[in-house]
1. Just to check, using Stokes-Einstein with a Kirkwood Rh over alpha carbon pairs, what's the diffusion coefficient of segment 82-167 at 10 °C and 1.306 mPa s in µm²/s?
2. Mind checking the full-extension length gain between Lys140 and Ser45? Use 0.36 nm per residue of separation minus the Cα-Cα distance, one decimal, nm.
3. So for the pair Lys60, Asn157, with labels modelled 7 Å out along Cα→Cβ, what separation do we get in nm?
4. Given H placed on each backbone N at 1.01 Å, which residues far from Ser65 in sequence or on other chains put an amide H within less than 5 Å of it?
5. Put Arg116, Arg122, Arg103 in order of accessible area, largest first, 1.4 Å probe: what do you get?
6. Provide the per-residue ³J(HN,Hα) series for segment 43-51, in order, calculated from phi with Karplus coefficients 6.51, -1.76, 1.60 and θ = phi - 60°, each as a whole number of Hz, with x at glycine and proline positions.
7. 5 Å is the cut-off here: which amide hydrogens, built 1.01 Å from N in the peptide plane, fall below it relative to Ala110, excluding neighbours closer than 5 in sequence?
8. Report Rg(Cα)/(2.2 N^0.38 Å) for segment 125-167, keeping two decimals.
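The values are calculated or read from the model by the stated rules, or taken from the named source; none is laboratory data. Remember, it's a predicted structure, so these values are computed and weren't measured experimentally. Positions of Cβ are backbone-derived with ideal geometry, glycine not excepted, and every protein chain shown enters the neighbour counts. With ligands, DNA and RNA removed, areas are computed over all heavy atoms of the protein, side chains included. Shrake-Rupley method; radii C 1.70, N 1.55, O 1.52, S 1.80 Å.
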Amino acid sequence: MHRLIPLAAAALALAACGEHDGNSTSISFSGNSSGGAVSGGIDSSGNLKINANGFKADLKLPKFSVDANNFEMNGVHLYPGSTISSINVNGGQDEDKDPGKVRVAFTSPANAATVRDWLKERLGKAGFALSADGAGLTGKTDDGKPFALKLSDQGANKSSGTIDMGG
């Protein structure tokens with residue numbers, strides 16, 4: 001469980017740095033440890049719930065949104081103007097055998113090909129080994145973990161996507 005406490009702290013830190021602009025970001029985390037299961041998150045209404053080995057919390061926080069400026073991968077932010085709708089962290093029990101997975105869902109103010117090419121160039125410079133996979137990217141992070149970006153156009157100058165890392 002002690003490894004997942006930082007995940008909860010990170011969720012709260014993201015909530016503190018995000019702004020509320022009419023859109024809201026949800027954050028969830030789950031995992032297992034020698035002490036048992038831990039889960040929780042902040043939904044798009046600002047409700048924070050944590051359930052960890054006999055400790056339960058249910059709090060109301062202000063709504064917030066996380067954008068490209070509040071999120072980065074090895075120093076690389078999302079495409080400028082992007083907003084994040086959800087962040088899901090699924091921690092593993094044993095970091096050596098099951099290192100966990102992170103999924104980020106977002107929208108960007110550009111078509112899928114523009115976002116893909118923009119991220120591919122910058123993540124490549126940050127040590128990621130990536131190749132185009134349709135409208136997205138697949139490959140490895142700088143530390144050899146699986147990476148997948150899936151994108152789809154949502155109009156002339158808008159796309160939505162998910163990033164999966166680890167697992």
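1. 119 µm²/s
2. 30.8 nm
3. Result for the modelled spin labels: 3.9 nm.
4. Glu19, His20, Asp21, Thr25
5. Order by accessible area, largest first: Arg103, Arg122, Arg116.
6. Rounded to whole hertz, the list is 7, 5, 8, x, 7, 9, 10, 9, 9.
7. Sorted by chain and number, the residues that satisfy this are Lys158, Ser159.
8. 1.25
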